[in-house]
Amino acid sequence: MISTTMHYLNTKRLTEATKTKKKQNIFRLIISTILFVFLGSCQAPQKTEIPAEDLAQYVNPFVGTWGDGNTYPGAVTPFGLVQFSPDTEKESWRGPSGYEYIDSTLYGFSMTHFNGTGVPDLGDFLIIPTVGKLQFEPGDKHEPDTGYMSRFSHETEKASPGYYSVLLSDYNVKAELTATERAGIARFTFPETDSANILIDLSHVLKSKVIWANLRIENNQLITGYHLTSGWAPERHLYFAARFSKPFNTVGLVNDGKKVLDDSKYFRSETQTSGEDLQFFTRYKVQKDEAVIVKIGLSAVSAANALENLDAEIPGWDFEEVALQARNAWNRELHKIKIEGEQKLKETFYTSLYHAFLSPNIYEDVNGEYRGFDQNIHRSDGFTNYTIFSLWDTYRAVHPLFNLIQAERNTDMVQSMLAHFNQSSDNLLPIWTFYNNENWCMIGYHAVSVIADAYLKGIGNFDAETAYQAIKTTAMSPAYEHVLDYAERGYVPFDMEDESVSKTLEYAYDDYCIAHMAGKLGKTDDYNYFMKRAMSYKNVFDPETKFMRGKDSEGNWREPFNPVKYEKSGDFTEASSWQYTWYVPQDVQGLINLMGGDKQFTNKLDSLFNPNPVDGETGVLHFDGGIGQYWHGNEPSHHIAYLYNYAGQPWKTQELVHYIMKTQYGAKPNSLCGNDDCGQMSAWYIFNTLGFYPVCPVNEEYVIGSPCAPAATVRLSNGSVIEMKADNYSEKNIYIQSMQLNGKEWNKTYIPFDEIKSGAKISYKMGPAPNKKWGTTNDSRPESISLK
């Protein structure tokens, strides 16, 4: 009842807004006509042009669509709310993005998708063109003739930034998609037929469930709709407005498999239906190669806002111009980093940059309204609101990358997190949020890292005191189960909480972030308190086995203990002790000390990357991206290759970085070794191409790896430029022989942020064999708490 009432109010608002808009349009038409006559002889209309160097040509959106990458190939603009993409899978966890490259049938094209997550959701408002008999159920993907879905072939499928096309072979219809930030436009080219159908299915979503929906025919070229879904997000509202280029010949609404309107003779206005299983269809008589265009706007607020978004972003019917604008938007973003190198390198790099810029997503309408975490409608004030924060993944490299080349957007993302905090009844920053929901997925309170990192790098137009109170309140909140036990004991007991060791280690890192920010703000007591919590990692380190290990509330180690064992409800999160033992980014030197010194530390690191069983243990992780016990396909391992720098053996880091880059990435559909996780896998690649990585994001330095391109130019958000050059770079010359930073000889294995924030020149001299004198002195080591 509440949803129906809300929709009535929204559609009433839509009708009133439409009447007002008609009056405005008449006035605008008169003015436009006068201006056109006056200016027509002075200048011709200008269309945007692709820049001289079209970097979008190197992007392959199919990368990661085969296997565990879980990406999608459809049309999207940078950070756009709309991801207009084909769905080949909707029930299985095998295809959380909705698309799996090995499939040969597709349901149609829906408007929203995740990039590289491990859990399926979204897939809103599916649209599909068909020919012949109308069908309202999708059918079995393995028997497509049982429903409206169609077979397709990769031979007729194309994808590039902002554009997707495919031939639906069952219907001989060419489907083309492109998008703006809040709207999408589809062009369907039909064969000659008197039964050309376009179906919109509101019941289609990925894995989740439609709780309630509404469809409304506004006039003979416009429909609006809404659905409320429950899945990974327990309550998600989304509205749409769709305009058709061709007036309806036949139009219909279907509710629970029954036609509630099948009007082939005349059009009746304001016809609508509500329920859980709704479809809309229209049928045309078309000539050969006649195209019907459908453009669709989205909003989480109302149908009126969806229509406003649509008309603001796609006012006309020029499909090519919208596609060109989308490609140009991508080129503007891709030009933030220019690299030199061979074709495969450029394809892998720019596809990674493309994936890194897919999310978080704009989550507000053109009028600034958005649905907040409190389910109320808010208007952003001085910032653009964003959603989809996979923070356990993206705090590591995505947001640190944004601090360099997407600072304005990252500021808005911080503001969005603070808005979430203010709307939360528990006063918590987001954990894993999308749209107006928190799904509590993964561990830690890593919004703390993102906010503190932005503040410490001098990025962001937000109030530091307000932000600090939000991160401190979050870290002290009893809403995090057993965080108070962690604060009291210095660890999370395994008999009170699953994933206890991982949570202890990640809380400790986040607490270091809070301490670091408190220190800069002059909050000495808080600095001391949280710095003590940052050392909690020592409480789950077993000095006998030299592994991180579960401990119960009485202080006893878990027995039996197997460091290679991986179990979903164990002491570790998506990992074993072999991976998490190294998760002390704030104090690597302290971990070295616990292990007995540099030699013992590097010997154990060597064992980690050894593909053979070690220390009498048997078995290794059977996941893609595995190198011994190292698992690049998941985030807890992403910093580990850099730890040799902290123990005086940087050449091993250089060797491993190149090996991982070469074996775990590429430019083919199956080239990603694990979930892209909202850009984290891709951001790792981007940093490592440049030759450095943020092992501890809030530290004001980047740890040096080895450049994986001969040269690169990075355009920072403040207008400055970083120029990187690797002399003698080749596939074999992967070891740093010497280095210069801003014209000075540089022997440290890290680059301070202060050295690059206003632009920098980084020059590497490369060679085929390690230089075991470079970067090996004690003062060459990156920052650690225990080095202070």
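Just checking: which of the strands (runs of 3 or more DSSP E) contained wholly in the range 96-185 hold 1 or more residues that are touching a His at 6+ places or on another chain (Cβ under 6 Å) and either more than 30 Å from N305 (Cβ to Cβ) or open to solvent by less than 30 Å² (accessible area, probe 1.4 Å) (or both)? Break it down into steps so the answer makes sense when it comes.
Values: elements: 108-110, 126-131, 158-160, 163-168, 173-179.
Hits in the range 96-185: 126-131.
Can you work out which of the residues in the range 372-391 that are in contact with a Phe, Trp or Tyr (Cβ under 7 Å, 6 or more places away or on another chain) and not in a loop (DSSP other than H, G, I, E, B) is surrounded by the fewest Cβ atoms within 10 Å (Cβ to Cβ)?
Taking the range 372-391 and keeping what is in contact with a Phe, Trp or Tyr (Cβ under 7 Å, 6 or more places away or on another chain), we get 378, 380, 385-391.
Keeping just the survivors that are not in a loop (DSSP other than H, G, I, E, B) gives 378, 386-387, 389-391.
Details: H378: 19, Y386: 26, T387: 24, F389: 29, S390: 30, L391: 26.
Among those residues, the one meeting the criterion is H378.
Could you tell me whether the range 426-447 includes any residue that is farther than 22 Å from Y370 by Cα and assigned to a helix (DSSP H, G or I)? Full working, then the answer.
Applying the first criterion (farther than 22 Å from Y370 by Cα) to the range 426-447 yields 441-446.
Add one more test, that the residue is assigned to a helix (DSSP H, G or I), and what stays is none.
No, that holds for no residue.
Which one of Y455, Y435 is under 23 Å from the mean Cα position of the chain (by Cα) and either open to solvent by 30 Å² or more (accessible area, probe 1.4 Å) or of a type in the set (D, E) (or both)?
The conditions single out Y455.
Inspect all residues belonging to the range 734-746 and state whether any of them is of a type in the set (A, V, I, L, M, F, W, C) and touching a Phe, Trp or Tyr at 6+ places or on another chain (Cβ under 6 Å). Quick ask: steps written out before the conclusion?
Here is the first cut: in the range 734-746, the ones of a type in the set (A, V, I, L, M, F, W, C) are 734, 736, 739, 741, 746.
Filter once more, keeping what is touching a Phe, Trp or Tyr at 6+ places or on another chain (Cβ under 6 Å): 736, 739.
The answer is yes, given that some residue of the range 734-746 is of a type in the set (A, V, I, L, M, F, W, C) and touching a Phe, Trp or Tyr at 6+ places or on another chain (Cβ under 6 Å).
Tell me, please, whether a residue that is in a loop (DSSP other than H, G, I, E, B), closer than 25 Å to E333 by Cα and polar (S, T, N, Q) can be found in the range 456-467. Break it down into steps so the answer makes sense when it comes.
We begin by selecting, within the range 456-467, every residue in a loop (DSSP other than H, G, I, E, B); these are 457-463.
Narrowing the set further to residues that are closer than 25 Å to E333 by Cα leaves 457-462.
Those left that are additionally polar (S, T, N, Q): 461.
Checked the range 456-467: at least one residue is in a loop (DSSP other than H, G, I, E, B), closer than 25 Å to E333 by Cα and polar (S, T, N, Q).
Just to be sure before I move on: is I211 in a strand (DSSP E or B), in contact (Cβ under 8 Å) with a residue 40 or more places away in the chain and open to solvent by 10 Å² or more (accessible area, probe 1.4 Å) in the structure I sent?
On the way: in a strand (DSSP E or B): yes; in contact (Cβ under 8 Å) with a residue 40 or more places away in the chain: yes; open to solvent by 10 Å² or more (accessible area, probe 1.4 Å): yes.
It is true that I211 is in a strand (DSSP E or B), in contact (Cβ under 8 Å) with a residue 40 or more places away in the chain and open to solvent by 10 Å² or more (accessible area, probe 1.4 Å).
Filter the range 746-763 for residues that are hydroxyl-bearing (S, T, Y) and in a strand (DSSP E or B) and give the result. I'd like the intermediate steps shown before the answer.
Our first condition is that a residue be hydroxyl-bearing (S, T, Y); within the range 746-763, this holds for 749-750, 758, 763.
The answer is Y750, S763.
Please determine, by comparing only the residues of the range 730-745 that are assigned to a strand (DSSP E or B) and farther than 24 Å from Y659 by Cβ, which one is most open to solvent (accessible area, probe 1.4 Å).
Step one: filter the range 730-745 for residues assigned to a strand (DSSP E or B), giving 735-741, 744-745.
From what is left, the residues that are farther than 24 Å from Y659 by Cβ are 740-741, 744-745.
Numbers: Q740: 70, L741: 0, K744: 98, E745: 128 Å².
It comes out as E745.
Considering only the range 541-610, give the helices (runs of 4 or more DSSP H) lying wholly within it that have at least 2 residues that are surrounded by fewer than 15 Cβ atoms within 10 Å (Cβ to Cβ) and not aromatic (F, W, Y).
Numbers: elements: 577-580, 588-595, 598-609.
It comes to 598-609.
Search the range 660-714 for residues being of a type in the set (D, E, K, R) and open to solvent by 10 Å² or more (accessible area, probe 1.4 Å), and hand back the single one that is nearest to L741 (Cα to Cα).
Of the range 660-714, the ones of a type in the set (D, E, K, R) are 662, 668, 676-677, 700-701.
From what's left, open to solvent by 10 Å² or more (accessible area, probe 1.4 Å): 662, 668, 677, 700-701.
On the way: K662: 26, K668: 35, D677: 33, E700: 16, E701: 13 Å.
Only one residue fits best here, namely E701.
Could you identify the single residue in A306, A312 that is open to solvent by 10 Å² or more (accessible area, probe 1.4 Å), at pLDDT 95 or above and part of a helix (DSSP H, G or I)? It would help to see each step written out before you state the result.
Values: A306 fails: open to solvent by 10 Å² or more (accessible area, probe 1.4 Å).
Answer to the selection: A312.
The values are calculated or read from the model by the stated rules, or taken from the named source; none is laboratory data. All figures in this text were calculated on a predicted structure; none of them were measured in a lab. For neighbour counting, all protein chains shown are included, and Cβ atoms are generated from backbone atoms with ideal geometry for every residue, glycine included. For accessibility, only protein heavy atoms count, side chains too; no ligands or nucleic acids. Shrake-Rupley method; radii C 1.70, N 1.55, O 1.52, S 1.80 Å.
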